[in-house]
Amino acid sequence: MNPTPDPEQTSLVQGLFVQHLPALRGFLLSIVSDFTLVDDVVQETFLTVNAKAAQFEKGSNFRAWVYTIARFKALQALQKSSPPAERFSQDVLEALCAHESSEDWHSEAQMRHLFDCIQTLTPKAREVVELRYQQAHRPPEIARRVGWSVDSVHVALSRARNLLRDCVLQKMEAERA
Amino acid sequence: MSTERLELLLHRHFDQMLSLAERQELSTLLLSSPKAREEFWRMARWHALIRQWGESEWGRMEAQSPILRALPPPPRRTKHRESEKRTPWIPDFSWVDVPEYLKPGRWAVPLAAAAAVFMGIFLLTRFSLLQNPTPQAGVNAGLRTEIAVLSKSCEAVWADAGSVRTQGQSLNSGFIRLSEGAVQIDFARGARVVLEGPSDFELLSDNEGKLHSGRLRAYVPEPAHGFLVRTRDFNVVDLGTEFGCEVPRKGASELHVFEGKVSFELPSRPESGRHIAQNEALSVTGGKAEDIQAQPARFLDEPQLAAREKKSTVARREEWRKLHQTLSRDPSALVYLDFEKSNPWSRSVSNLAHRNLADGTASVVGCEWVPGRWPQTAALELAKPGDRIRLSVPGLFESLSLAAWIQVGSGDEGARCLVSTESDQPGEIRWVLQGDGSVTFALRTASAEDSGWRWASSPAIPMLRAAGRWHLLTTVYNGATGTVSHFVNGNQISRSSLPSDSPLRLDTFEVGNAGLRPEENLQVSLAPVLAPAPRAFGGRIDEFLILSTPLDPEEIQRLFETGSPVPPPKVRR
């Protein structure tokens, strides 16, 4: 018998990681505002999960395990590279994480409706949303590109998020009806 | 606290706009109010959903961009879109320069594909030292098509972690934010720019950039005529030239022409256009241009940058030599081959290890001498099936650390032997780079089952099979804990349990080949580890080290950082 559990265990853990990846990214995007940093944290988390694959017990709560690692990695990354105004302290992160529900982050239907709802935004609002969410620019850079003030960009983004949420929820409701 | 205020603060959090006072205010709210935390997650879900939409919609802007319309579409986009329909929640990594063997369609199981692609990205970003530490280019990525290459980098300190670029990295449109040092950017159409820190330069297309602040010197060969540099105070179009631009954060911007001539205009006044000739210079502020004296010496030129880069590389190489003197004197060093000081016709390499227990040399069979990873150093290329390096190290060892700087050659993707003993005794070992890019350490136990072989592999690391790049592979067998740890470029990628009932032994062994033994023994003894037949390494080895103690992760990181000709990226503190 092969005494090393690695190949199967590693592929089990990698498979679970990929399964949880969308929610994990969502979770990290919420606590780490910087999109680039989120990618780094996901990678760091993957590295650790991979290295500790042997410690994961089959049948135990993978999500809890991986989120603990991710939270730790996020905190480390934030402390290392973000100015204080851009990061939550450890106690806030812990309070938030304790409150985070395990329900699925998004459904395929939500994403489908979001595609349609984006089309309903005004051209300028859509441009701002694209600059922020597709190209990952921060509001000051978006302001420069569209010739607005930074506050106007922020207001446009806030409104767009609310509009998109209402639009998707409405469509979900209509679909259920 | 009103709901409106909470919402406002949350929106500002998601837009990275909170001031320190607002962050504290929001933190207090989140700590004290479960309702605030609930609202946080409710809004977070929408924020994340829209970002996911953004990530999966990358192609749209590229298609709409007039700049990029003339360029061929990014490869794999369509293919990935198809797979995206099947697995919509897997992030879109299609813009990354993924090797052929990672492309969708070569993988049967979507999850495995996603894991592998993720691993590929992970390596492209994390392990590369090397080439591509931040392919996402995230915050300032702009349109994600490669339009330039960072061809030189000298003591570069980047403005933030997201700005880091390394030498040889392909660049997309977006910002180059350099705090200190200097880099050279080669645009796809041929223009070359030497950028000095501190500078904030935006790549707009393969023949256009915007200097927001800082200093650059541009060289524009014939095919790149029309190269455009924008600044806040003027635009300059090359007409066959060498010129410099300086844009301070405040005050007048300057244009200096060193060779040929350029076309100059104020941004919002096309009628202001005029030609500026060789040895002329302008100072421009508030829409007014004044003639000044051209000062070529103020702008770093290509030869100066090359000289600075060379000086820095030589200094790093000396650091590496010091480390390796220390390593070779380490009481636990069993083998240390640096492949230096060898004549092209030399058929042996000195084992520089302190505990050089045998006759002191490694025999080189076949193999070619080739340039090493540092300038003016040598490496051995093992390309033919019979190429091998043979050594003898007597003794029994509880632990072993194996390290090699390798560059895999192009060709097939079979399993390749890095180290193979040939004693057929319990305790003998194999160190193998597998066809999928995973690394295997195998040892032979006294058990009769499966010829006694037990092994531990790392996850697949396809980047290791990418030809032409140097990687440091390190594997540590710790006999005290019965574990195997694999490291790539200083990063630990796996740790597995692998108990042994016998001490490890090397005796006569080969580096870069499968050992000499009767063919039938070879097949039987290696069958579990190597399938199909074992092969010579098929690449270059620049340095090889075996220690009888387990190196710790910090030591391995140091081995990598000091041994890598490309310095680890620095970010402004």
Express in whole angstrom the spacing between the alpha-carbon centres of segment B:364-425 and segment B:306-346. 17 Å
Using alpha-carbon positions, the gyration tensor of segment A:86-177 gives root eigenvalues a ≥ b ≥ c; with a/c under 1.5 called rounded, otherwise prolate if a/b exceeds b/c, else oblate, the class is oblate
Radius 10 Å from Cβ of B:Asp200, net charge of other residues (Lys, Arg +1; Asp, Glu -1): +2
Phi-derived 3J(HN,Hα) across segment B:547-557 with the Karplus relation (6.51, -1.76, 1.60, θ = phi - 60°), rounded Hz, x for Gly and Pro, is 10, 8, 10, x, 5, 8, x, 5, 5, 5, 4
By the gyration tensor of its Cα atoms, with a ≥ b ≥ c the square roots of the eigenvalues, what is the shape of segment B:3-56: rounded for a/c under 1.5, prolate for a/b over b/c, or oblate? oblate
Counting sequence-distant residues (5 or more places) and residues on other chains, those with an amide H built under 5 Å from that of B:Gln169 are B:Leu150
So, relative contact order of segment B:309-563 in percent, Cα under 8 Å, 6 or more apart, is 27 percent
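Quote the charge dipole size of segment B:3-56 about the Cα centre in Debye, to the nearest 20; the model charges only the Cβ of Lys and Arg (+1) and of Asp and Glu (-1).
140 debye
Determine the calculated [θ] at 222 nm for chain A from helices alone, applying -39500 (n - 2.57) to every DSSP H run no shorter than 4 residues and normalising by the residue count; nearest 500 deg cm²/dmol.
Rounded to the nearest 500, the figure is -24000 deg cm²/dmol.
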For chain A, any Cys whose C-beta has no other cysteine C-beta under 4.7 angstrom counts as unpaired, and these are A:Cys97
In chain A, which helices (entire DSSP H runs) extend 20 Å or more along their own long axis, judged by Cα positions, while averaging at least 0.5 on the Kyte-Doolittle scale? A:35-51
Here the whole-number average of other chain Cβ atoms within 10 Å per Cβ of A:34-47 is 6
Determine the dipole magnitude for chain A: charges of +1 sit on the beta-carbon of Lys and Arg, -1 on that of Asp and Glu, nothing else is charged, the reference point is the Cα centre, and the result goes in debye to the nearest 20. 440 debye
So, in Å, what gap is there between the alpha-carbon centers of segment B:189-213 and segment B:445-517? 45 Å
May I ask what percent, to the nearest 5, of DSSP beta bridges between residues of segment B:168-279 are antiparallel? 95 percent
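Which value, in square angstrom to the nearest 100, describes the accessible area buried between chains A and B on both sides, using a 1.4 angstrom probe?
7700 Å²
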Classified through the alpha carbon gyration tensor (a ≥ b ≥ c as square roots of its eigenvalues; rounded if a/c is under 1.5, else prolate when a/b is larger than b/c, else oblate), segment B:138-300 comes out prolate
Subtract the Cα-Cα distance of B:Ser423 and B:Ser151 from 0.36 nm times their separation in residues, and report this length gain in nm to one decimal. 93.1 nm
Across peptide A:86-94, what mean number of C-beta atoms from other chains lies inside 10 Å of a residue's C-beta? 4
Pull out the extension gain between B:Arg558 and B:Ser410, defined as 0.36 nm times the separation in residues minus the alpha carbon to alpha carbon distance; nm, one decimal. 50.4 nm
Peptide A:117-129: average number of partner chain Cβ atoms within 10 Å per residue? 1
Going by average Cβ neighbours within 10 Å, how do the peptides B:307-316, B:212-221 rank, with the highest at the top? B:212-221, B:307-316
Packing-ranked peptide list from B:419-427, A:53-61, A:131-139, highest mean Cβ count within 10 angstrom first, is A:131-139, B:419-427, A:53-61
Output ordering of A:34-42, B:162-170 (per-residue mean of other Cβ within 10 Å, highest first) is A:34-42, B:162-170
Spin-label point model (7 Å from Cα, Cβ direction): what's the B:Glu271 to A:Thr68 distance in nm? 7.3 nm
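The values are calculated or read from the model by the stated rules, or taken from the named source; none is laboratory data. Worth saying up front: this structure is predicted, and the values here are computed from it rather than measured. Neighbour counts run over all protein chains shown; Cβ positions are idealised from the backbone, glycine included. Heavy atoms of the whole protein, side chains included, go into the accessibility calculation; ligands, DNA and RNA do not. Shrake-Rupley method; radii C 1.70, N 1.55, O 1.52, S 1.80 Å.
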